[in-house]
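Report on the following structure.
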Amino acid sequence: MGQYFTNEKLPSKIRKTTCNILGHSFTFLTDNGVFSKDGLDFGSRLLLELIPLEEVGTKVLDMGCGYGVFGIILNKVTNATVDMVDVNLRAIHLTMRNIKENDCKNISVFESNCYENVTGKYHTIITNPPIRAGKRIVYEILFKAKEFLEPNGSLFLVIRKEQGAKSIISDLSEVYNVEILGRKKGFFVLKCNL
């Protein structure tokens, strides 16, 4: 089975999912070979429900965007300008379709292996890091974020306890001021500032 953080060619089976969150209804096209193909996962929903919307700011980077959940929802709810990146070309294609499906404005999406093609600075970087991609990739996403944050910007993420949340929090605390915004069913939602 292919992984959502690669470009392995799995048979396509596009499906339409819907979700209601933060007072809005969204429709997302998903497919095999992308994360959470059956719809909005619990961890991502928890992160979106706990992120302080008044702190999102006007420029957001959705790192490892998958089919576009974080960027599209934050764009619609906060009117932020959003850049969305992923290494998975199928995910990027789905994101482009989902931007149109949800009638979003001021969003761009492009291929990037972690921050390889990212050049901007952001008030918010948001991610549900691809744990199965391995520690090196996850840590590159989390620790290199500081180079792309504006002053007073924040990295927001969700991580599961059994995926090493406590050690990740400890490691992040060596570089960032880490605040646990909430935890539920083994998921931790974190805010990291410089």
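The values are calculated or read from the model by the stated rules, or taken from the named source; none is laboratory data. On a predicted model such as this, the values are computed, not experimentally measured, just so you know. Cβ sites come from the backbone with ideal geometry, for glycine too, and all protein chains shown count toward neighbours.
Scanning segment 167-190 for residues being loosely packed, with under 12 Cβ neighbours inside 10 Å and assigned to a helix (DSSP H, G or I) gives a total of 2. Checking the conditions here, which among I159, I180, I131 is β-branched (V, I, T) and free of Cβ contacts under 8 Å to residues at least 24 places away in the same chain? Answer to the selection: I180.
Among D62, D31, D86, which is the only one that is surrounded by fewer than 24 Cβ atoms within 10 Å (Cβ to Cβ) and of a type in the set (D, E, K, R)?
D31
Working carefully through the options K9, K37, find the one that is among the charged types (D, E, K, R), in contact with a Ser or Thr (Cβ under 7 Å, 6 or more places away or on another chain) and modelled with pLDDT under 90.
Among K9, K37, only K37 is among the charged types (D, E, K, R), in contact with a Ser or Thr (Cβ under 7 Å, 6 or more places away or on another chain) and modelled with pLDDT under 90.
Counting the residues of segment 138-166 that are part of a helix (DSSP H, G or I), modelled with pLDDT under 95 and either farther than 22 Å from R45 by Cα or in contact with a strand residue (DSSP E or B) (Cβ under 8 Å, 6 or more places away or on another chain) (or both) gives 2. Only residues that are buried (at least 20 other Cβ atoms within 10 Å of the Cβ) and more than 18 Å from L53 (Cα to Cα): list them for segment 89-111, please. Within segment 89-111, R90, A91, I92, L94, T95, N98, I99, V109 meet the criteria.
Cβ-Cβ contacts under 9 Å between residues 6 or more apart (or on different chains), taken from a first residue in segment 100-114 that is modelled with pLDDT of 95 or more to a second residue that is assigned to a loop (DSSP other than H, G, I, E, B) and surrounded by fewer than 16 Cβ atoms within 10 Å (Cβ to Cβ), are listed as K105/N79; N106/N79; F110/N117; E111/N117. Under 26 Å from R183 (Cβ atoms), among the small types (G, A, S) and more than 12 Å from the chain's Cα centre (by Cα): does that describe G43? It is false that G43 is under 26 Å from R183 (Cβ atoms), among the small types (G, A, S) and more than 12 Å from the chain's Cα centre (by Cα).
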